[in-house]
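The values are calculated or read from the model by the stated rules, or taken from the named source; none is laboratory data. For clarity, every value in this text was computed on a predicted model and none was experimentally measured. Neighbour counts are summed over all protein chains in view; Cβ atoms, including those assigned to glycine, are modelled from backbone coordinates with ideal geometry. SASA here: full protein model, heavy atoms, side chains in, ligands and nucleic acids out. Shrake-Rupley method; radii C 1.70, N 1.55, O 1.52, S 1.80 Å.
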Amino acid sequence: MPAVTLVPINVTPGNTTVNWAPTTITSQMITDGVQVRFPRDGKLLIIVTNTAGSSKTVTLKAGDGIARNQGNLTRELEGYTGTWVIRPEPSSRFKDRDGFLQLQLESGTTGTIAALQIT
């Protein structure tokens, strides 16, 4: 199946009325991966929190851009509370031909994931 698409939530600095909630990580996300469309305007933050009882690995995959030779970006998140706030820059390293970023979650990862577009 295709990767699960996570839609970025628009956030404006200084706006205190933004309500956003992260998405619960599902088994389909672990099996098929997660994709996030890279915004044309603004900056993107991806926040992954691991609530599993052990450490889990999250990988932001290299895309098709000119900087793809820099490779994947991988982080091990601690069990129960491990959080990774990702600012995927430069986009030429991570964005694929279709304008998406691809994330892979290790089997057994539980917790939440969110994408925020800062405009």
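Below is a table of values for the structure above.
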item	result
Identity of the residue in region 26-59, touching a strand residue (DSSP E or B) at 6+ places or on another chain (Cβ under 7 Å) and part of a helix (DSSP H, G or I), that ends up nearest to residue 79 (Cα to Cα)	30
Count - residues of region 35-51 that are crowded, with 18+ Cβ neighbours inside 10 Å, among the aliphatic types (A, V, I, L, M) and in contact with a Ser or Thr (Cβ under 8 Å, 6 or more places away or on another chain)	2
Test: residue in region 68-84 that is assigned to a loop (DSSP other than H, G, I, E, B), within 19 Å of residue 4 (Cα to Cα), among the small types (Gly, Ala, Ser) and modelled with pLDDT under 95	no
Residue within region 87-101 that is among the hydroxyl-bearing types (Ser, Thr, Tyr), more than 17 Å from residue 118 (Cα to Cα) and either at pLDDT below 95 or touching a Cys at 6+ places or on another chain (Cβ under 7 Å) (or both) present	yes
Flag for residue 97 being basic (Lys, Arg) and in contact with a helix residue (DSSP H, G or I) (Cβ under 8 Å, 6 or more places away or on another chain)	no
Filter result for the condition that a residue is surrounded by 13 or more Cβ atoms within 10 Å (Cβ to Cβ) and farther than 22 Å from residue 22 by Cα, over 68, 75	68
Identity of the residue in region 1-34, among the polar types (S, T, N, Q) and farther than 25 Å from residue 57 by Cα, that ends up most open to solvent (accessible area, probe 1.4 Å)	19
Flag if residue 59 is of a type in the set (Val, Ile, Thr), open to solvent by 70 Å² or more (accessible area, probe 1.4 Å), farther than 17 Å from residue 24 by Cα and modelled with pLDDT of 90 or more	no
